[in-house]
Each structure stands twice: as structure tokens, then as C-alpha cells.
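First the structure, in the form of C-alpha cells, and then the observations on it.
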Amino acid sequence: MFAITGITGNVGGEVARNLLAAGRPVRAVVRDVRKGEAWAKRGCDLVGADINEAAALTAAFKGSEGVFVLVPPNFDPSPDFREARTTAATLSSALDAARPGKVVYLSTIGAQATHSNLLSQHAIIEHALRKLSLPITFLRPGWFMENSTWDVAPAKNGAIPSYLQPLDKPVPMVATADIGRSAAELLQETWSEHRVVELEGPQRVTPNEIASTFAHLLGRPVRVEAVPRETWESLFKLQGMRNPTPRIQMLDGFNEGWIEFEGGKGGSRKGITTLQTVLRTLIERALI
């Protein structure tokens, strides 16, 4: 039995689908069991547990051959990242008590960065989990290609904004399909102690290439416009963010190059899903 958190989302769902396709039993760990009914119909064991409920998580993880841990994203954390610290303590407690056979934790590119930024939340959780005597894989994917969901509507109007700059700088990106497939493969592997697996798509992508791919798929000109950095804080606050600094620092990290894979481009695993495939899917979903 493999316990999967975040199964109702894109990545967790892909992990589960790949395991089920391989004939492996899956336990769906969901906050709201009603939202997991579709997975129960597919033969999954359904368990209710929140990521910050130690007792419930322990019960959900107990007896499992492997656990896939996906922490819900927090794009507007407290300045001291107290939310991540709470989650780190809860997860550590639950995993230590449940003692599953192995763990794959969905982390992020740049988790090893020494500069504080939005992704430091994963660094905090990684640090806590490293204290456990369990086989743990820290899966560190690049920038999600699906972040371009927000670009579909602007692209139809002929221009997409970009916080990733310069516009010709290649960025390590990956599709959620490749993340889910890789996580399912890792869960079925055997290893000891702790390891880091870094994952990106078949090739790195520039903001200019995102625009040109949209243009190709939409059959109309699409340009990309760099959003001036001096406007970021006010823009993010207008969007409702209370503490935009970590997000700004993360973008700086990608743009300045200090958010990168620990093993560099040559040390990362490569997915198979192209940007064009992802953007085509995003456009089709927008039409539904």
C-alpha cells in the first residue's frame, strides 16, 4: 500500500494514476473525504487527514510500503516561516511514529539555497525530515510549466507578463505529469538513507519561448513583456499578499541564478513532456 497526500491535485493525482496503472494499491490521504470519493471508486483506500494533524497522519501512513508527501503551497507565508516550521514538526512526528517503508517528499529546486526566499519553506521541512532514520527521497522539481495557466488569457490578448527575466534566460521547468510519473517510479525503487533527486523537462525554457509557443498554438502573435522589478511589491500587495518579500526573493533567485539544481543541469533527471504539450492542454482547459 502506498499512501499519497495531495491526491486531489495535479501532482498527487499523477502519482496515484501511475501507481494504479502499475497494479499497486493506493491509500488516498485527503483533508475532506468527500473530495476523495472519485479515488475510492477507483479502488483506493480513503483516509481523512490534514497535513498538520499528527495523529491522523500517523494513522494514514502506518503500514504503508511508501508515502508520497506533498505539502499544500503557501505563497504568502509569515516572515519567520512559522507555518512551514509547524508542518515540519507535524510531518516528522507522524512519519517517525508510523515508520513507513520509504518516503518521497516533494521539495523544490533551490532547496539548498542559502538566501532566504519563498522556497525556504521546503528547506525547513527537508532539514527536519533529515533527522529521521527512514529512507527518504527529496524530489526537487524545477519551475512548474503549469504556472503558465495564468498566461493563457493574456496570451489570447497578444501579450503575457513575465517576472522571469531576462526574457532570453533559460529556466529549468518541468511538467506535473513528469513529476507524478517520477515520484511513482521512485516510490517503487529500493534505497537506503536519504537522497536528492532533481528533475526538469527535456530542455530549459525561456520566457521568449513561452510566448512563441503560445503564438504557434493560438495562431496569432504573442509577445512577452518583462514586469519592472520596482513594481513587484506594489503589484503583489494589490493581489492581496501581506508579505511579498519571499516571493520577490524567489524570483530574484531564478533571475540571478542562485536558485538552481544542487547538481547543476547535468545532474538532473530529465522528463519527457514538452512545453508545447503542456500549453496546448492549458489552452484546451480554458475552453471548457
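The figures follow:
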{"read-out": "The chain: angle of helix 10-21 to the longest principal axis, Cα-based, in degrees nearest 10", "value": "50 degrees"}
{"read-out": "Cross-link table Lys41/Lys131; Lys41/Lys270; Lys41/Lys62; Lys156/Lys270, entries beyond 26 Å C-alpha to C-alpha", "value": "Lys41/Lys131; Lys41/Lys270; Lys156/Lys270"}
{"read-out": "Helix-only CD estimate at 222 nm, as mean residue ellipticity for the chain, using -39500 (n - 2.57) per DSSP H run (n ≥ 4)", "value": "-11500 deg cm²/dmol"}
{"read-out": "Accessible surface of Glu260 - all protein chains present, 1.4 Å probe, nearest 10 Å²", "value": "50 Å²"}
{"read-out": "Rounded tilt (10° steps) of 245-256 against the dominant C-alpha axis of the chain", "value": "70 degrees"}
{"read-out": "Most positive-pole-ward Cα, Ser107, Val26, Ile7, against dipole of segment 1-119 from beta carbon charges", "value": "Val26"}
{"read-out": "Dipole magnitude (debye, nearest 20) for the chain, charges at Cβ of Lys, Arg, Asp, Glu", "value": "560 debye"}
{"read-out": "Neighbour net charge for Glu189 - beta-carbon separation under 15 angstrom, K R +1, D E -1", "value": "+2"}
{"read-out": "Computed magnitude of the charge dipole of segment 135-288 (debye, nearest 20; Cβ of K, R +1, Cβ of D, E -1)", "value": "400 debye"}
{"read-out": "Neighbourhood charge, 10 Å Cβ-Cβ cut-off, centred on Ala211 and excluding it, Lys, Arg +1 and Asp, Glu -1", "value": "-2"}
{"read-out": "Sulfur and carbon atoms: percent of accessible area, segment 1-93 [1.4 Å]", "value": "51 percent"}
{"read-out": "Within the accessible area of segment 157-264 (1.4 Å probe), percent carbon and sulfur", "value": "48 percent"}
{"read-out": "Segment 156-183-segment 64-142 distance, computed between alpha-carbon centres (Å)", "value": "23 Å"}
{"read-out": "Residues listed by number, segment 62-77, amide nitrogen under 17 Å from Trp150 label point at 7 Å toward C-beta", "value": "73-77"}
{"read-out": "Helix axis angle, 176-187 relative to the chain longest principal axis, alpha carbon, degrees", "value": "30 degrees"}
{"read-out": "Potential extension, Gln188-Ala97 segment - 0.36 nm per residue separation minus Cα distance", "value": "30.6 nm"}
{"read-out": "Whole-number accessible area per residue in Å² for the chain, which is evaluated in the context of all protein chains at 1.4 Å", "value": "45 Å²"}
{"read-out": "Antiparallel bridges, percent of DSSP beta bridges restricted to the chain (to nearest 5)", "value": "5 percent"}
{"read-out": "Net +/- balance of residues flanking Glu37 in space, Cβ distance below 14 Å, scoring K and R +1, D and E -1", "value": "+3"}
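The values are calculated or read from the model by the stated rules, or taken from the named source; none is laboratory data. Keep in mind it's a predicted model, so treat the numbers as computed, not measured. When we count neighbours, we look across all protein chains shown, and the Cβ atoms used for this are built from the backbone with ideal geometry, even at glycine. Surface accessibility is based on the protein's heavy atoms, side chains included, excluding ligands, DNA and RNA. Shrake-Rupley method; radii C 1.70, N 1.55, O 1.52, S 1.80 Å.
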